[in-house]
1. Scan the range B:1-50 for residues that are of a type in the set (G, A, S), more than 8 Å from chain A (Cβ to nearest Cβ) and crowded, with 23+ Cβ neighbours inside 10 Å and jot them down.
2. Report, by residue number, each residue of the range B:157-199 that is in a loop (DSSP other than H, G, I, E, B) and under 14 Å from B:H3 (Cβ atoms).
3. Could you say whether any residue in the range A:34-47 is more than 15 Å from the chain's Cα centre (by Cα), part of a loop (DSSP other than H, G, I, E, B), more than 7 Å from chain B (Cβ to nearest Cβ) and aliphatic (A, V, I, L, M)?
4. Determine the pairs where a residue that is touching a residue at least 12 places away in the same chain (Cβ under 8 Å), located within the range B:1-19, has a partner that is of a type in the set (D, E) and part of a loop (DSSP other than H, G, I, E, B) with Cβ atoms under 8 Å apart, the partner being 6 or more residues away or on another chain.
Amino acid sequence: MEPVKVKEEKEHPGLEWSACILRIRETRDRAAFAALFRHFAPRVKAFLMRSGADAAMAEECTQEVMAAVWQKAHLFDPSRASAATWIFTIARNRKIDALRKMKRPEPEDLPWGPEEEPDQEDSLALQQESEKLEQAVAALPAKQRDLIEKAYFGDLSHREIAEETGLPLGTIKSRIRLALDRLRHAMK
Amino acid sequence: MTHDTIKHHLTDALLMAYSAGTLPEAFSLAVAAHISMCDECRARLGAFDTVGGALMANCDAAEMSADSLGATLAKIDLAEAQPVERNVTADGGVLPAPVRAYVGGDLDAVRWRPVGMGVKQAILPTKGEATARLLYIPAGAAVPDHGHRGTELTLVLRGAFEDKVDHFGPGDIEVANEDLDHTPIADIGEDCICLAATDAPLRFNSWLPRIAQPFLRI
């Protein structure tokens, strides 16, 4: 079955991924899941390997993360997170659990859950923001991008990054701040 | 249970580390509890999660093993959809849901231990090098003057306290580092309940608490 694509989905590929998750939620659509898997699973695995998992552990955790995507599809709200953001949070939680062997306290849920019919305009606006951010991340100067990546992937504190890069702690903090300022500016 | 009056928020560094999943558990708890009370920081966390998603989306794809998709579908068939468990505060509760999970209930389930001068504490069972505790400071009482070797996060859950930095009310979080020596004093009107997370023992500035420190585990 060829999914019906509205104009926005062609212009914003991220919306297509959101639509896949909604189809999993609504009709347990295995073709939608396979498409999502082919795109995201290799990136989840790369993220876990860069966080310190060996290939076998990263493979196993990635399968668990993608299975969780199926199981938690009813919690996905496309007006609050893009598919990439949502899958990242699931992979991040698996990383804390499997690699750091810690619990992850979560904020309480908002009093309302995902809506049955997500608002199209909100989803589109959120997707545009996420794309802008992806482009801004890709366009960061190499040194800033490297530090932000180390902070997210490396399971390293600022102090450990200082030891690994030989940069003083103050320099790291100011470079990360610079990168965040640049990202904020790119979002305006 | 959000509060519109919050003036003291999480720093970018804490929000980013929470989003990246690199904080010690006790600090994650303080961050999760503040976000439960603060819509502004919840929105800022959303932005940091989006940065994480963008970084992951920009990763070079790793090679998957031969029948990865098939193995994943088999996992899905073994365990079908998880029931939705709403992680929300009971009506009229004081403790945000993530704190309640460690206490095993709301305020009436806390097992307080006196630490002197009317102040009580309850240490929460977190793993790792940082520790989290609930503090009960009677109205008008003070926590002994102390400094910090590392970072201390103090989140007000009920009542308010004041130190030389500012006044902190419900939902406010104070991020103190080794430069700060302070004597938090609870407001006179109401007993103050805080969640405090520290990654190094506090440094008391008078001899009495210093002697008591090994017993208090602060």
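1. B:A26, B:A30
2. As a first pass, look at the range B:157-199 and keep what is in a loop (DSSP other than H, G, I, E, B): B:159-160, B:163-166, B:169-172, B:177-181, B:183-184, B:187-191, B:199.
B:G159, B:A160, B:G169, B:P170, B:G171, B:D172, listed by residue number.
3. Filtering the range A:34-47 for residues more than 15 Å from the chain's Cα centre (by Cα) gives A:34-35, A:38.
Now drop any that are not part of a loop (DSSP other than H, G, I, E, B), which leaves none.
Checked against the condition, which is being more than 15 Å from the chain's Cα centre (by Cα), part of a loop (DSSP other than H, G, I, E, B), more than 7 Å from chain B (Cβ to nearest Cβ) and aliphatic (A, V, I, L, M), the range A:34-47 yields no hits at all.
4. Here the result reads B:M1/A:E108; B:I6/B:D172; B:K7/B:D166; B:K7/B:D172; B:H8/B:D166; B:H8/B:D172, each pair linking the range B:1-19 to a residue that is of a type in the set (D, E) and part of a loop (DSSP other than H, G, I, E, B).
Read the figures in this text as sums done on the coordinates, not as results from a lab. As the structure is a computational prediction, the values presented were derived from the model and not from experiment. So basically every Cβ, Gly included, is an ideal-geometry build from the backbone, and we count neighbours across all protein chains shown.
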